[in-house]
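Note sheet for the following structure.
The values are calculated or read from the model by the stated rules, or taken from the named source; none is laboratory data. Being a predicted model, the structure only gives us computed values, none of them experimental. Here the Cβ is made from the backbone with ideal geometry for all residues, glycine too, and neighbour counts use every protein chain on show.
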Amino acid sequence: MSSTRGAIARGAGKGGAIVLLAKVYFVVVGFAQQVLLRNVLGLEIYGRLSLALLVVNVVNNVVVSSSTQGTSRIVAGLPEDDDLRGARGALFGVLRIHLPLAAALAAIFLALGWLVVAFEHNPALAMPLRVLTVVVASYAIYAPVIGALNGLRLFRSQAILDVLFATLRTLGLVIGAWAFIHVFGARGEVGAVSGFATAAVLIVPCSLFIFGFGASTRTTFSAKSHLSMLLALGAGQFFSNALMQGDLLLFGRFVHQLPADPALKADEWVGVYRACQTFAFLPYQLLLGVAQILFPLVAKAYAERDTARVRELTERGFRATWLTLGLLVSGLFALRAPLLRIAFGEAAATFGTRPLGVLLFGQAMFALFGVSLSVLASVGKERETALTSAGALALVVGASFAARASATTGGEDLILRTTIAVSLALFASFLVVTLRIIRATGGYVPLKTALRTILAVAIAAGLSALLPTMHPILALVVRSALAFVSYAGILMLSGEVTRDEIRRAVTSIRSRAF
């Protein structure tokens, strides 16, 4: 690590590119994890495990996001001439708060697990949820370290931890599931969560080692103010993550209430829905890297009261977000059937292709929604992010109940109606948060960019729908090539993206990453 904040700042650009590459790795490994788990456990047990992980991920994501942003803000606010000793002092001060907080969160999670079991009408969830209590406690200690690295703009170290934890978590889940089934003759989902818990415990000392244990300077900050900020950020993140995962939780409840379906068992339908989510979430997961880099930059410009810089960063960030999102949605829409067939089997492809097509566009709206919330939080609008997320969650819950009320013919009807209803609710939420971003920062994606991106996605999706059925491997090649060429071609023909811009972007990524 460098000894001065100035040297840290000079490495931020290169580290930012590395964070994006690490995020790609994180998403790829996460996707491989889902595929491997489905093959080790089978579709029914995979669906049951997905529900248990869904519950803990809502809590974990709240803890990680709020703790990371809260600690990042404290460290980023240190004087420019301060060195790493001040940052270490700030981190250790935060950890003194988070250690008892971790114990409290774990106790609450353990105590309330029975409510989830009762809500889902699924007693088999009880044991996995008990084991996952260890994960909740570990995340509450690990997250502030990531926040301190982010506040220092030590993106390279942050990326190393992202890669390491993604690898440990996947190995733990998959090896644990396999070992419990084939070695111990026990339940595979319990083995998977036991491996996850082991990885979460191991990452804590690893993160502290990477941050460093050198001399520290006492940094003064208000514990009360920090907890208040965590509460505000955490409320917004809770609603946001419940918004992201709530549809699957409700779908799991509703599909267990339906009469027995001759096509698939209830937990198998949950597995199909989770398979669709695995692909539909990819744009959001990849764009989190943009939010992680944009947050400290906008926060710093806002702290310096540089409104012009805030607007500029917002416009540039959302333009990159829209263009990247359009490419991802175009490709995934074209590849949805062969991807489901190869990764999750024939049942997922048969019953999930249409719902995935709908969910992709709904989750694209959620990806924009998530980046918008990050920007709002960076300009001090934590309460507004919480209220916006709460309103969006209410819309999704209401839409899910409406889908259940109208579904009468079994799991296939319910899954399609649920994805349509949820996507419409997410679109409405996107419109609301967009207006709030414009009001808070004065900037957003240029209108021409938005219209050109929508046109390019529509044409790419329409052309892919015209292709005949073919072998899944051949379909991956042909459909991905058509989606990329048609999407990029429309953007270049419309003048949105030029060859020089593409050349400069590629050169910049190469020089910063390597």
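Can we say Val40 is surrounded by fewer than 24 Cβ atoms within 10 Å (Cβ to Cβ), over 16 Å from Thr278 (Cα atoms) and modelled with pLDDT of 90 or more?
Spelling it out, Val40 is indeed surrounded by fewer than 24 Cβ atoms within 10 Å (Cβ to Cβ), over 16 Å from Thr278 (Cα atoms) and modelled with pLDDT of 90 or more.
Among residues belonging to the range 423-437 that are among the aliphatic types (A, V, I, L, M) and touching a residue at least 24 places away in the same chain (Cβ under 8 Å), point out the one that is farthest from Val270 (Cα to Cα).
Pass one, the range 423-437, residues among the aliphatic types (A, V, I, L, M): 424-426, 428, 431-433, 435, 437.
Applying the additional criterion that residues be touching a residue at least 24 places away in the same chain (Cβ under 8 Å) yields 424-426, 428, 432-433, 437.
Working: Leu424: 21, Ala425: 21, Leu426: 21, Ala428: 25, Val432: 30, Val433: 30, Ile437: 35 Å.
Top of the filtered list is Ile437.
Take the range 449-475 and flag every residue that is at pLDDT below 95 and either assigned to a loop (DSSP other than H, G, I, E, B) or among the basic types (Lys, Arg) (or both).
Leu466, Leu467, Pro468, Thr469, Met470, His471
Of everything in the range 372-394 that's modelled with pLDDT of 90 or more and hydrophobic (A, V, I, L, M, F, W, C), which residue is surrounded by the fewest Cβ atoms within 10 Å (Cβ to Cβ)?
Ranking the candidates gives Ala394 first.
If you take the residues of the range 422-443 that are in a helix (DSSP H, G or I) and over 30 Å from Ser406 (Cα atoms), which of them is farthest from the chain's Cα centre (by Cα)? Step through it out loud before you land on a result.
The first filter runs over the range 422-443 and keeps only residues in a helix (DSSP H, G or I), leaving 422-441.
Adding the requirement that they be over 30 Å from Ser406 (Cα atoms) leaves 434-441.
Numbers: Thr434: 19, Leu435: 23, Arg436: 22, Ile437: 20, Ile438: 23, Arg439: 25, Ala440: 24, Thr441: 24 Å.
Of everything passing the filter in the range 422-443, Arg439 is farthest from the chain's Cα centre (by Cα).
Just give me the residues in the range 395-422 being surrounded by fewer than 18 Cβ atoms within 10 Å (Cβ to Cβ) and free of Cβ contacts under 8 Å to residues at least 24 places away in the same chain, in sequence order.
Hits for the range 395-422 are Ala402, Ala405, Ser406, Thr408, Thr409, Asp413.
Has the range 50-59 got at least one residue that is among the β-branched types (Val, Ile, Thr), in contact with a Gly (Cβ under 7 Å, 6 or more places away or on another chain) and buried (at least 20 other Cβ atoms within 10 Å of the Cβ)?
Pass one, the range 50-59, residues among the β-branched types (Val, Ile, Thr): 55-56, 58-59.
From the residues that got through so far, the ones that are in contact with a Gly (Cβ under 7 Å, 6 or more places away or on another chain) too are none.
No, because not a single residue in the range 50-59 is among the β-branched types (Val, Ile, Thr), in contact with a Gly (Cβ under 7 Å, 6 or more places away or on another chain) and buried (at least 20 other Cβ atoms within 10 Å of the Cβ).
In the range 143-262, which helices (runs of 4 or more DSSP H) lie fully inside it and hold 2 or more residues that are within 30 Å of Thr409 (Cβ to Cβ) and touching a Lys or Arg at 6+ places or on another chain (Cβ under 7 Å)?
Of the helices (runs of 4 or more DSSP H) lying wholly inside the range 143-262, those with at least 2 residues that are within 30 Å of Thr409 (Cβ to Cβ) and touching a Lys or Arg at 6+ places or on another chain (Cβ under 7 Å) span 223-257.
Of the residues that make up the range 372-382, is at least one assigned by TED's automatic domain parsing to the domain that holds Tyr487 and free of Cβ contacts under 8 Å to residues at least 40 places away in the same chain? If you could, list the steps in order and put the result at the bottom.
Let us first name the residues in the range 372-382 that are assigned by TED's automatic domain parsing to the domain that holds Tyr487, namely 372-382.
Checking which are free of Cβ contacts under 8 Å to residues at least 40 places away in the same chain leaves us with none.
No, there is no match, as no residue in the range 372-382 is assigned by TED's automatic domain parsing to the domain that holds Tyr487 and free of Cβ contacts under 8 Å to residues at least 40 places away in the same chain.
Can you pull out every residue in the range 123-136 that is within 20 Å of the chain's Cα centre (by Cα) and either in a helix (DSSP H, G or I) or outside the structural domain of Lys23 (by TED's automatic domain parsing) (or both)? Show your work before the answer.
Of all residues in the range 123-136, those within 20 Å of the chain's Cα centre (by Cα) come to 132, 135-136.
Val135, Val136, listed by residue number.
Take the residues in the range 400-456 that are among the small types (Gly, Ala, Ser) and in contact with an Asp or Glu (Cβ under 7 Å, 6 or more places away or on another chain), then tell me which one is nearest to Ala242 (Cα to Cα).
Per the criteria, the residue is Ser400.
Please count how many residues of the range 402-420 are in a helix (DSSP H, G or I) and over 13 Å from Leu356 (Cα atoms).
8
Tell me, please, whether a residue that is without any contact (Cβ under 8 Å) to a residue 24 or more places away in the chain, surrounded by fewer than 20 Cβ atoms within 10 Å (Cβ to Cβ), under 19 Å from Val64 (Cβ atoms) and β-branched (Val, Ile, Thr) can be found in the range 165-172.
No - not one qualifying residue is present in the range 165-172.
Is there a residue being in a helix (DSSP H, G or I), more than 20 Å from Phe484 (Cβ to Cβ), free of Cβ contacts under 8 Å to residues at least 24 places away in the same chain and of a type outside the set (A, V, I, L, M) anywhere in the range 334-346?
For the range 334-346, residues in a helix (DSSP H, G or I), more than 20 Å from Phe484 (Cβ to Cβ), free of Cβ contacts under 8 Å to residues at least 24 places away in the same chain and of a type outside the set (A, V, I, L, M): present.
Quick check on Glu44: is it of a type in the set (D, E, K, R) and under 21 Å from Val174 (Cα atoms)?
Yes.
Would you point out the residue of the range 110-132, among those that are modelled with pLDDT of 95 or more and surrounded by 20 or more Cβ atoms within 10 Å (Cβ to Cβ), that is nearest to His226 (Cα to Cα)?
If we take residues in the range 110-132 being modelled with pLDDT of 95 or more and surrounded by 20 or more Cβ atoms within 10 Å (Cβ to Cβ), then Leu132 is nearest to His226 (Cα to Cα).
Across the range 476-499, what is the total count of residues that are in contact with a Ser or Thr (Cβ under 8 Å, 6 or more places away or on another chain) and part of a helix (DSSP H, G or I)?
Looking only at the range 476-499, we keep the residues that are in contact with a Ser or Thr (Cβ under 8 Å, 6 or more places away or on another chain), and these are 479, 482-484, 486-487, 491-492, 496.
Subset that is part of a helix (DSSP H, G or I): 479, 482-484, 486-487, 491-492.
Count: 8.
Within the bounds of the range 190-206, is there any residue that is surrounded by 20 or more Cβ atoms within 10 Å (Cβ to Cβ) and either modelled with pLDDT under 95 or at positive phi (or both)?
The answer is no; no qualifying residue exists.
To keep it simple, each residue is scored yes or no on (1) assigned by TED's automatic domain parsing to the domain that holds Glu384; (2) crowded, with 22+ Cβ neighbours inside 10 Å; (3) not aliphatic (A, V, I, L, M).
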| position | (1), (2), (3) |
| --- | --- |
| Gln277 | yes, yes, yes |
| Pro296 | yes, yes, yes |
| Arg316 | yes, no, yes |
| Val329 | yes, yes, no |
| Arg336 | yes, yes, yes |
| Leu340 | yes, yes, no |
| Thr353 | yes, no, yes |
| Gly370 | yes, yes, yes |
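Take the residues in the range 372-421 that are over 20 Å from the mean Cα position of the chain (by Cα) and among the β-branched types (Val, Ile, Thr), then tell me which one is nearest to Gly442 (Cα to Cα).
Result: Val379.
Please specify each residue of the range 361-390 satisfying the condition of being under 21 Å from Ser423 (Cα atoms) and either among the charged types (D, E, K, R) or in contact with a Lys or Arg (Cβ under 7 Å, 6 or more places away or on another chain) (or both).
Selection gives Thr388 alone.
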